[in-house]
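All of the numbers you see were taken from the coordinates with simple rules; none came from a lab. Just so it is clear, the model here is predicted, and its values are computed rather than measured. Here the Cβ positions follow ideal geometry from the backbone for every residue, glycine too, while neighbour counts run over all protein chains shown.
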């Protein structure tokens, strides 16, 4: 799993505030993908604004950071692999056979 970003920085606090807004929009009935697209649009727009104010127009560092953060959060939100329903039945059959 990629390393976790520190959770006490102003940037993470801002991110959490934005996620709270996203969660509220989903509770209002907006589709999760619509919310995600809106967040990516806002992130790209504001990142371009910030880079322009710093005199940079190279998106590579931002893209690399985004990929790193995306990989971290994908691994964090991944659901543990569930055994197939038949796996439990097969295990029970094996256990019964072993007992006899």
> Using r as the Cβ-Cβ distance of residue 18 and residue 81, and R0 as 35 Å, what FRET efficiency do you calculate, to the nearest 0.05?
Replying inline: 0.70
>> 7 Å from Cα along Cα→Cβ at both residue 40 and residue 72: what's the point-to-point distance in nm?
In response: 2.0
> Hey, can you rank 55-61, 14-20 by average C-beta count inside 10 Å, highest first?
Replying inline: 14-20, 55-61
